Amino acid sequence: MTRFSRILLAALAVCVLQTGILGYIIGSRAAILRSGTEILLKTAPVDPRDLLRGDYVVLNYEASTIPASAIVGPQPKEAERAVLWVRLAKGEDEFWIVKEASFEHLEPTDGNVVLKTLPFQFYPSYSEAGLQIQYGIERFYVPEGEGKVLEEARNEQALTIAARVSSSGKAQIRSLLMDGKPVYDEPLY
């Protein structure tokens with residue numbers, strides 16, 4: 001095999017690997033959007049631009065604050081990186097609210113979903129006041145210049161999202177709604 005052939009083969013292998021990784025990322029996101037359980041979350045006020053991806057709206061949710069009274073089961077005794085499983089159920093106003101949370105895996109049952117948080121630094125002394133967590137759906141990228149209107153709507157509590165939740169607890173934003181009307185929809189592929 002000539003030197004040129006080896007270089008060409010290596011370049012081809014890198015291209016196939018990159019395409020495979022991108023395909024996996026897109027496919028896993030599409031699978032959640034296609035078959036996940038849809039929930040509505042109220043947003044709460046929070047600023048922003050990503051140099052690589054452009055304008056985005058920072059989103060915070062009422063369900064991102066976990067009251068100490070909602071945490072069930074054993075808690076870590078020392079400071080550590082942790083993941084929380086949060087059970088949400090539909091509230092009276094159609095928005096999904098926290099019912100319970102656990103440091104151990106929770107199984108979804110009829111009428112609720114379980115979201116898995118992103119890993120966070122847990123300190124036992126902080127859990128008495130409740131926990132502020134993230135689900136990985138705290139940013140929504142928008143076309144340049146369109147974020148200001150959405151931020152204003154968010155600050156006036158007129159902005160909500162519809163998200164889809166996979167059986168493994170991972171969430172993806174499906175739609176951004178202003179005053180209950182869709183502003184942006186993700187394709188279901």
field: Flag for Ser69 being at pLDDT 85 or above, surrounded by fewer than 17 Cβ atoms within 10 Å (Cβ to Cβ) and farther than 30 Å from Leu176 by Cβ
entry: yes
- request: Inspect all residues belonging to the range 99-120 and state whether any of them is farther than 28 Å from Gly180 by Cβ, part of a strand (DSSP E or B), over 15 Å from the mean Cα position of the chain (by Cα) and hydroxyl-bearing (Ser, Thr, Tyr).
  value: yes
- request: Considering every residue within the range 54-65, establish whether at least one is at pLDDT 85 or above, hydroxyl-bearing (Ser, Thr, Tyr) and open to solvent by 60 Å² or more (accessible area, probe 1.4 Å).
  value: yes
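Can you confirm whether Leu188 is open to solvent by 60 Å² or more (accessible area, probe 1.4 Å) and either under 17 Å from the mean Cα position of the chain (by Cα) or of a type in the set (Lys, Arg) (or both)?
On the way: open to solvent by 60 Å² or more (accessible area, probe 1.4 Å): yes; either under 17 Å from the mean Cα position of the chain (by Cα) or of a type in the set (Lys, Arg) (or both): yes.
Yes; evaluated as a whole, the condition is true for this residue.
Take the residues of the range 57-88 that are part of a loop (DSSP other than H, G, I, E, B) and small (Gly, Ala, Ser): which is nearest to Phe140 (Cα to Cα)? Quick ask: steps written out before the conclusion?
Narrowing the range 57-88 to residues part of a loop (DSSP other than H, G, I, E, B): 59, 67, 73-79, 83-84.
Retained after the next criterion (residues that are small (Gly, Ala, Ser)): 73, 79.
On the way: Gly73: 33, Ala79: 31 Å.
Top of the filtered list is Ala79.
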message: Give all pairs with beta carbons closer than 9 Å in which a residue from the range 54-75 that is more than 15 Å from Tyr123 (Cα to Cα) meets a residue that is among the hydroxyl-bearing types (Ser, Thr, Tyr) and open to solvent by 40 Å² or more (accessible area, probe 1.4 Å); count only pairs at least 6 apart in sequence or on separate chains.
response: Gly54/Tyr141; Asp55/Tyr141; Tyr56/Tyr141; Val57/Tyr141
query: Which one of the conditions (1) among the small types (Gly, Ala, Ser); (2) farther than 30 Å from Ser102 by Cβ; (3) at pLDDT 90 or above does Ser166 fail to meet, given that it meets all the rest?
result: (2)
- prompt: When only residues in the range 121-142 that are in a loop (DSSP other than H, G, I, E, B) and aliphatic (A, V, I, L, M) count, which is nearest to the chain's Cα centre (by Cα)?
  reply: Ile137
field: Tally of residues being open to solvent by less than 80 Å² (accessible area, probe 1.4 Å) and touching a Leu at 6+ places or on another chain (Cβ under 8 Å) across the range 114-134
entry: 7
- prompt: Restricting attention to the range 135-169, and to residues there that are touching a helix residue (DSSP H, G or I) at 6+ places or on another chain (Cβ under 6 Å) and within 23 Å of Pro108 (Cα to Cα), which single residue is surrounded by the most Cβ atoms within 10 Å (Cβ to Cβ)?
  reply: Arg164
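So is Gly145 small (Gly, Ala, Ser), closer than 17 Å to Leu41 by Cβ and outside any strand (DSSP E or B) or not?
Working: small (Gly, Ala, Ser): yes; closer than 17 Å to Leu41 by Cβ: no; outside any strand (DSSP E or B): yes.
In short, no.
The values are calculated or read from the model by the stated rules, or taken from the named source; none is laboratory data. What you see is a predicted model, and the numbers here were worked out from it, not measured in a lab. Note that each Cβ is placed from the backbone with ideal geometry, even for glycine, and that neighbours are counted across all protein chains shown. Heavy atoms of the whole protein, side chains included, go into the accessibility calculation; ligands, DNA and RNA do not. Shrake-Rupley method; radii C 1.70, N 1.55, O 1.52, S 1.80 Å.
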